[in-house]
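Since every read-out is calculated from the coordinates, none of them should be taken as a lab result. Every value quoted in this text rests on a predicted model; they were computed, and no experiment measured them. So basically every Cβ, Gly included, is an ideal-geometry build from the backbone, and we count neighbours across all protein chains shown.
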Amino acid sequence: MEEFFQQLTNGLAVGGIYALIALGYTMVYGILRLINFAHGDLFTLGAYLGFTLLVSWGLSGVLGGLAVAGVLILFAMGLVAIAGCLLERIAYRPLRNSDRLTAVVSALGASIFVQNAIMLVCGARSQVYPTGILPTTIIPIFGVDVSAMRFLMFGFSLLLMLLLYGFIHKTRLGAAIRAVAIDQDAAKLMGIDVNRIISTVFLIGPALGGAAGVMVGLFYGQITYDMGFSFGLKAFTAAILGGIGNIPGAMVGGILLGVIEALGAAYISIAWKDAIAFCVLILILIFRPTGILGERVAEKI
């Protein structure tokens, strides 16, 4: 039972990170029907921006632990949001009227460019976040000692997800995003600025990815320039698992994938961790191709 709770809390913490990254994939797909392959590299950019602020600017010696983490996340979210908006203007908007394959190739090219830019600027070696930023307190739950860091990671991820859900469903701008996702032409007739909505989506999605990047650095303590590929692939899997284009689905898919990975690594083998996650994805695609919360919709011709 102790091992189960340890792995469950670890899976929730990692699953929250997957969910934040998956939200970026699912929001862009919901608006443009495009898989933003560069999103994983924007997540990596957020991790390196947080590391730069923490180490090069000496922030860890100025503020307390949780305050440092908050500043790092806000800083990364802001700059990665700007990078995401620039990416949309340069790599995607000029090709909006082209066929989907052209946009996919542009997304792959953007991913390669961002990844190599990070490598050239920051170096190919892994970077290590300073320790002691997040509290190392142990919380006893049902007789099991669980690190408070895991609860903080999952709690903050859940907070960001709930804020996004409230923004999408309770604000006028959120209603405009949902309208554009349903039908761009009809949204234009209703006076909605589609370009502005798409730019907003490319601000929000990368901002969440940037927050996830800093959280990975704080949680694991080590970042690499190419980690966006593995985390991006897992988050994309989570988006499909929950239902691509569905915001609650991305949340559920990310958390579920994290828990499945953690329990699979503990009870089967850590070497099979990734294989177990993708086997679950294959089963979902076979028996429910639209994902857990996805809905079957007719394809427009």
Backbone HN-Hα couplings from phi across the range 253-261 [Karplus 6.51/-1.76/1.60, Hz, Gly and Pro as x]: x, x, 5, 5, 5, x, 5, 4, 4
Just to be sure I follow: if Rg is taken over the C-alpha atoms of the range 38-153 and Rh is the Kirkwood radius over the same atoms, what is Rg/Rh? 1.11
Need one number for the chain: average projected area of the convex hull over its C-alpha atoms, nm². 16.6 nm²
Between 0 and 90 degrees, rounded to the nearest ten: what's the tilt of helix 2-32 against the longest Cα principal axis of the chain? 20 degrees
Regarding the range 167-301, what is the average projected area of its C-alpha convex hull, in nm²? 10.4 nm²
Could you tell me what a quarter of the Cα convex hull surface of the range 145-206 works out to, in nm² with one decimal place? 5.0 nm²
Whole-Hz Karplus ³J(HN,Hα) for the range 72-87, in order, using 6.51 cos²θ - 1.76 cosθ + 1.60 and θ = phi - 60°, x for Gly and Pro? 4, 5, 5, 4, 5, 4, x, 6, 5, 4, 5, 4, x, 5, 5, 4
Using only Cα atoms and rounding to the nearest 10 degrees, what angle (0 to 90) does helix 194-220 make with the longest principal axis of the chain? 10 degrees
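Where nothing but the Cβ of Lys and Arg (+1) and of Asp and Glu (-1) is charged, how large is the charge dipole of the chain around its Cα centre, in debye to the nearest 20?
Taking the Cα centre of the chain as origin, the dipole is about 700 debye.
Roughly what percent of Cα-Cα pairs across the range 199-260 reach past 19 Å?
Of all Cα-Cα distances in the range 199-260, 34 percent exceed 19 Å.
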Starting at the first residue of the range 138-150, write each ³J(HN,Hα) from the Karplus equation 6.51 cos²θ - 1.76 cosθ + 1.60 with θ = phi - 60°, in whole Hz, x for Gly and Pro. 9, 10, x, 10, 6, x, 10, 7, 10, 5, 5, 4, 5
What translational D, rounded to a whole number of µm²/s, comes out for the range 94-153 from Stokes-Einstein when the hydrodynamic radius is the Kirkwood one over Cα pairs, at 20 °C and 1.002 mPa s? 133 µm²/s
Have a look at F287, F231, F113 and tell me which one the Gaussian network model of the chain (Cα, springs below 10 Å) gives the largest fluctuation. F287
